[in-house]
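Notes to accompany the following structure.
The values are calculated or read from the model by the stated rules, or taken from the named source; none is laboratory data. Because the structure is predicted, anything quoted here is derived from the model rather than measured. No Cβ is skipped: glycine too gets one built from the backbone with ideal geometry, and neighbour counts run over all protein chains shown.
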Amino acid sequence: MRIDQATSTTIADFWNDVESTVEQCDTLNAAAQELARRLYEQFQESVLLARVFVTVPFSSLPAWDQIFVRGLAVSVGAKGEVKPETTVLSLVGTWGQESEWCNRRHSKGHAGIPLISSNFVAGIPMIARLLKELGISIDCLDKGDKSIVVETTGSSVGLFFVEDAAGATDDAGRKIISAQDFVATHGAKSVFGASAAYAEGPMIVIVVFCRDMLSRTLAENFSKLATLFRSGTSSLVKDSDIFAHDE
């Protein structure tokens, strides 16, 4: 199915098909992977890649993820800035048209993004734009408050939307989707995301890369999916069942 044919009813029907499987998952990681896979399969005429992120403190990450996040920080000259309480935007679900896109550990740069400071986040145009559109001021990150994400978003739903993945730029003239090789090679046209915050603190973010040029109105139809997924996985987050113990 083409994603530009999706309506709010389509999204509701999609969730009805996915809900029972998601609610049977033992971890948020497993539930997010299932959601990403089903999103891709349902709309694969249009979707290149579907990803699900969650915000968690660095100390809650599995060992592999901690190594990745520390390595990312070191690569940009931020060695020592990652603290146990640092909020990390962690990739927990991914599925797409290439096999390596179906394993979060194969992500070259987005397996875990530490929200260290406004300067650090500003250096990643897509993440900076995503946080801004989801209602999070990156300047607030400099306060060092690990609960800043929750306080800023509350239980509201946010929408991230880039209509033209090849041409959209930020205020500094940089491409919002910096991976322009990905855009050109795979014909990515539009990117959108939806978020919802759990009462316990974490925020879930669903991001979809499409080969069709979409409207913001169409992207808004998917905002409901974030709240539905949040409801279906709230017990996992409440019990801190984010990652499998052998991760």
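Mind checking which residues of segment 50-83 are of a type in the set (A, V, I, L, M) and either part of a helix (DSSP H, G or I) or surrounded by fewer than 15 Cβ atoms within 10 Å (Cβ to Cβ) (or both)? Once the filter is applied, which keeps residues that are of a type in the set (A, V, I, L, M) and either part of a helix (DSSP H, G or I) or surrounded by fewer than 15 Cβ atoms within 10 Å (Cβ to Cβ) (or both), segment 50-83 yields 63, 67, 69, 72, 73, 74, 76.
Summed over segment 91-132, the residues that are in contact with a helix residue (DSSP H, G or I) (Cβ under 9 Å, 6 or more places away or on another chain), more than 29 Å from residue 43 (Cα to Cα), touching a residue at least 24 places away in the same chain (Cβ under 8 Å) and surrounded by fewer than 20 Cβ atoms within 10 Å (Cβ to Cβ) give a count of 2. Between 22, 54, the distinction of being in contact (Cβ under 8 Å) with a residue 60 or more places away in the chain and in contact with a Pro (Cβ under 6 Å, 6 or more places away or on another chain) belongs to 54 only. All told, residue 135 falls short of being surrounded by 13 or more Cβ atoms within 10 Å (Cβ to Cβ), modelled with pLDDT under 90, touching a Gly at 6+ places or on another chain (Cβ under 9 Å) and in a strand (DSSP E or B). Only residues that are at pLDDT below 90 and either among the hydroxyl-bearing types (Ser, Thr, Tyr) or more than 16 Å from residue 93 (Cβ to Cβ) (or both): list them for segment 225-247, please. Answer for segment 225-247, where residues must be at pLDDT below 90 and either among the hydroxyl-bearing types (Ser, Thr, Tyr) or more than 16 Å from residue 93 (Cβ to Cβ) (or both): 245, 246. Does any residue of segment 74-90 turn out to be touching a residue at least 12 places away in the same chain (Cβ under 8 Å) and out of contact with any helix residue (DSSP H, G or I) (no Cβ under 8 Å at 6 or more places or on another chain)? Scanning segment 74-90 turns up no residue that is touching a residue at least 12 places away in the same chain (Cβ under 8 Å) and out of contact with any helix residue (DSSP H, G or I) (no Cβ under 8 Å at 6 or more places or on another chain). Considering 234, 190, the condition of being more than 19 Å from residue 44 (Cβ to Cβ) and polar (S, T, N, Q) is satisfied by 234 alone. Does any residue of segment 68-84 turn out to be touching a strand residue (DSSP E or B) at 6+ places or on another chain (Cβ under 9 Å), more than 19 Å from residue 204 (Cβ to Cβ) and among the polar types (S, T, N, Q)? Scanning segment 68-84 turns up no residue that is touching a strand residue (DSSP E or B) at 6+ places or on another chain (Cβ under 9 Å), more than 19 Å from residue 204 (Cβ to Cβ) and among the polar types (S, T, N, Q). A single entry from 240, 195, 190, 223 fulfils the requirement of being over 23 Å from residue 96 (Cα atoms) and either touching a residue at least 12 places away in the same chain (Cβ under 8 Å) or surrounded by fewer than 22 Cβ atoms within 10 Å (Cβ to Cβ) (or both): 240. Does at least one position in segment 41-54 carry a residue that is in contact with a His (Cβ under 6 Å, 6 or more places away or on another chain) and not acidic (Asp, Glu)? Yes, the conditions are met somewhere in segment 41-54. Among the residues making up segment 84-108, those that are within 18 Å of residue 186 (Cα to Cα), of a type in the set (Gly, Ala, Ser) and outside any helix (DSSP H, G or I) are 96, 107.
Can you tell me how many residues within segment 1-38 are farther than 18 Å from residue 240 by Cα, assigned to a helix (DSSP H, G or I) and among the hydrophobic types (A, V, I, L, M, F, W, C)? Count: 8.
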